[in-house]
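Shown next, in structure tokens, is the structure this report addresses.
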């Protein structure tokens, strides 16, 4: 079913996605499996050493409950609330590697999650509308923001927008 | 007329012969390939990544990042903290996914190169025609006011109020309307990346380009580069499909400051003085997020319209960076419900970044399994600069009207007023707690007149192996303080002209 995740690592990542996935009351779109596919695709592009280390990290997360909680119940079989607490302890750990593992998986989940149309809409990211608005012609004719346009236009007309020379920093010192 | 080949068009092992083989098709490789091809040289370009056009680009990061970025954007420079490193891996290289900022090499930097590295012929005056040529080729122009977001205005007003120097960005763009999708490949080809400028020039003048083709060894004989061994990769799996052998009069490497040293080390070339992969610089940067009471929609405009240049000589560069919500969500400390709560403020956020000049060196090594491994440990000066940079950026955000600022520190995650800025120093933040990333890499095959201190001479030719040139960011010997693409292109164009002027020496 998956190209890069084994059934066992997929189970761990699935349990992790359920915890990391941004959601709120009455808003929890059923896109876990889509995110899991995104994660599987990303993992296929990891450099070879990361491909080797990631499953080890996932197994540490899965069975680390014995050391870090401690409990005999492994991560993917814990109830959601306990999993959340467990992951929080990883994100707040003083060991950077523990934090980094969660950060890495989180990065993959967020990439899938916030690219979903329903979620983009819920946070007000109206990209398509923005693109339609500004691309009415070949040249920039419709301002991205009217207020900003008027402000910068005025600066341009009054010569107060600064130089457009290629040399960075203060130009005056160079010409003097 | 040349041609672009992709792996699905290739059905057997290949042997090729050319005058010049260019490895890499980004800022350096693309510029030199076009320069040579336009002057009648037979050029063959190898690119490890795929060939995609704007029709293939997507605003969906789950599609765009694996397609256009090396390691799907997960490359890491090892250290404490580790630094996330992003670079392009496609025809056009990082110019396809960068913000397109174009600055000439600062004069003080060129003076340092002359003084410290003996690069006497690289002066502002001698570089001037190359900068001009590059700027003309890639259409470097200031942004139109229509393309700027409200966030740009608020930050411009705040920086002006604080009395700091803010400069309008010059970018390689034609009629940019401010779509803000630069980092996923410009969907309208308004950003004038190498993919749509130098590569078509090279192809129209007879160059052949092999995409999905990874150079694995540079061949040398009697101290002279004579060719390249490469693998044609399966685009889906990344695995070797066929072999390719190229015989060339001249080999030019432009694989970037991390991949090029790994290729040289794997080829056992140019490393008699153990300089290959040393002196790695990565212009570390970190970000601050301002939360505003009013809607700012900072994403609705060009990726980056201005830069704060007040502190350049202190080694600090500030800018806004328009990115996708998923990339912001990743950097927030929260997950689950809290992450969504925070991301619901998306239209009220402005993301700013500070880049600090390197004061130490890292290293790039070749792992036994062939991959490049990069190491970099920030030193106390960079650490101080990062704290100062975050403090200044917070000051700018609060002056612009932010009610809260989210910090990149594990132990201090937010400030609620300008008066709280001293906390950045009081909290005794450990270096390992700073969240760092970078998109710039230099130094690993640096230019130096002295072969004991550098890998290539001032023309980019390897000290130890003749007819082997390097034209990527790796030859830049010090941090530039600004975005490097124009410097890389200008140096590559200069090397191209040098080769043309010495045709009889280098080419059959």
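Here are the numbers for this structure:
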item	result
Any hit, the range B:122-136, residues being in a loop (DSSP other than H, G, I, E, B) and in contact (Cβ under 8 Å) with a residue 40 or more places away in the chain	yes
Sole residue being facing chain A (nearest Cβ under 9 Å), touching a residue at least 12 places away in the same chain (Cβ under 8 Å) and surrounded by 24 or more Cβ atoms within 10 Å (Cβ to Cβ), chosen from B:102, B:90	B:102
Counted residues, the range A:90-138 - those being under 20 Å from residue B:191 (Cα atoms) and exposed (fewer than 15 other Cβ atoms within 10 Å of the Cβ)	6
Residue match in the range A:49-64 (condition: within 12 Å of chain B (Cβ to nearest Cβ), within 27 Å of residue B:344 (Cβ to Cβ) and out of contact with any helix residue (DSSP H, G or I) (no Cβ under 6 Å at 6 or more places or on another chain))	no
Residue in the range B:230-249 that is at positive phi, modelled with pLDDT under 95 and not assigned by TED's automatic domain parsing to the domain that holds residue B:371 present	yes
Complete set of residues in the range A:139-174 that are at the interface with chain B (Cβ under 7 Å from one of its Cβ atoms), outside any loop (DSSP other than H, G, I, E, B), surrounded by fewer than 17 Cβ atoms within 10 Å (Cβ to Cβ) and under 34 Å from the mean Cα position of the chain (by Cα)	A:147
Condition check for residue A:133: more than 7 Å from chain B (Cβ to nearest Cβ) and either out of contact with any helix residue (DSSP H, G or I) (no Cβ under 7 Å at 6 or more places or on another chain) or over 29 Å from residue B:172 (Cα atoms) (or both)	yes
Flag if residue B:392 is within 20 Å of residue B:331 (Cβ to Cβ) and either part of a loop (DSSP other than H, G, I, E, B) or not assigned by TED's automatic domain parsing to the domain that holds residue B:312 (or both)	no
Residues of the range B:403-436 that turn out to be assigned to a strand (DSSP E or B), touching a residue at least 60 places away in the same chain (Cβ under 8 Å) and surrounded by 21 or more Cβ atoms within 10 Å (Cβ to Cβ), as a count	4
Residue identified as more than 16 Å from residue A:9 (Cβ to Cβ) and at the interface with another protein chain (Cβ under 10 Å from one of its Cβ atoms) among A:34, A:82	A:34
Condition check for residue B:400: in the same structural domain as residue B:289 (by TED's automatic domain parsing), over 21 Å from the mean Cα position of the chain (by Cα) and surrounded by 19 or more Cβ atoms within 10 Å (Cβ to Cβ)	yes
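The values are calculated or read from the model by the stated rules, or taken from the named source; none is laboratory data. These figures come from a predicted structure and were not determined experimentally. Using ideal geometry, Cβ is built from the backbone for each residue, glycine included, and neighbour counts are taken over all protein chains shown.
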